[in-house]
Structures are given as C-alpha cells and as structure tokens.
Amino acid sequence: MENHIPVLLLIEDDPDDAELTIFTLRKYNLVNPIVHIDDGEKALDFLFGSDENPALILLDLKMPRIDGIHILKKLKGDPQKKGIPVIALISSKEGKNYVKSFDVEADGYIVKPVDQKQFFGAVSEMGIASRILTAP
C-alpha cells in the first residue's frame, strides 16, 4: 500500500503573499506537498470535487468572488470536511473578531505576512503538529 502524504492547501489570491508563505513553509523542510490555489471557486472545486482532505488549510479571508468566510462556513458545515484544520490568514486590522462576526471560527489565526514562528506557534496551539511532516 502506498503511503499518501496529505497536502497543505494554501488558498491565497495575492501572489506575493502566496510566494512568501510557501517560502516560509519550505524553509522548515516540510515533506507535505503544498498546493496553492488563488481563487475561492477553484478552492471549493478542489475541496469538494475530490476525496482529498488536506492536512491543513491556510485560508486568506479576503478574496474576490468567493471569499474565505464562505469557504470556511462551507467546510465547517460539512460532516466530512469539518475536521480539516483551518488557519485563517488575516490582516492585523481584521483580527479574530472579524471572522467571529460571521458566526464561524477558524481553528487558528495568523496575521499576514506569515512567518515561520507564527505558523508553527499556531500549529502547536491547534495540536496538529503530527499532520505537518518535516524532513530531518
């Protein structure tokens, strides 16, 4: 039986933020493949059009067309997908209260731009470090 390493899904429409986030994650020698999707509609197709359950989703909340709040609500309302941990990528102006005002909560929050210390602090707080695989 083939070992399947679950992906880390980055849903981020800003190419500069996405590049910086991927660079930060790669610096830590992640083994998990990183899938970057730059559009909310494509993200929903990926999440609900396949059996793929990412190890973790990094979700930008402010995107055109279909925003991160809509994606988060859909994920947390689905019995098969609600257990996928989601870290919301927020600007310092928004804060956690922005997300909570939509009556939905992410599992963790990181203020953009993402840095290594923030990311692994959030992963540790969420208790999902075992889903994030690193090379020695």
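Some values worked out for this structure:
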| read-out | value |
| --- | --- |
| Residue in segment 28-42 that is closer than 13 Å to residue 114 by Cβ and of a type in the set (D, E, K, R) present | no |
| Selection within segment 68-82 - closer than 14 Å to residue 54 by Cα, of a type outside the set (A, V, I, L, M, F, W, C) and within 12 Å of the chain's Cα centre (by Cα) | none |
| Spans of strands (runs of 3 or more DSSP E) in segment 1-120 with at least 1 residues at pLDDT 85 or above | 8-11, 34-37, 56-60, 86-90 |
| Unique match (being closer than 17 Å to residue 17 by Cα, of a type in the set (D, E, K, R) and open to solvent by 70 Å² or more (accessible area, probe 1.4 Å)) among 27, 42 | 27 |
| Qualifying position, being open to solvent by less than 70 Å² (accessible area, probe 1.4 Å) and within 20 Å of residue 109 (Cα to Cα), among 20, 8 | 8 |
| Test: residue in segment 55-64 that is of a type in the set (Asp, Glu) and open to solvent by 50 Å² or more (accessible area, probe 1.4 Å) | no |
| Qualifying residue in segment 46-54 (condition: under 20 Å from residue 121 (Cα atoms) and among the polar types (S, T, N, Q)) | no |
| Residues being in contact with an Asp or Glu (Cβ under 8 Å, 6 or more places away or on another chain) and among the charged types (D, E, K, R) - total across segment 1-55 | 6 |
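The values are calculated or read from the model by the stated rules, or taken from the named source; none is laboratory data. Remember, predicted model here, so these are calculated numbers, not experimental data. Ideal geometry is used to build each Cβ from the backbone, glycine not excepted, and the neighbour counts take in all protein chains shown. These area figures cover heavy atoms from the full protein model, side chains too; ligands, DNA and RNA do not enter into them. Shrake-Rupley method; radii C 1.70, N 1.55, O 1.52, S 1.80 Å.
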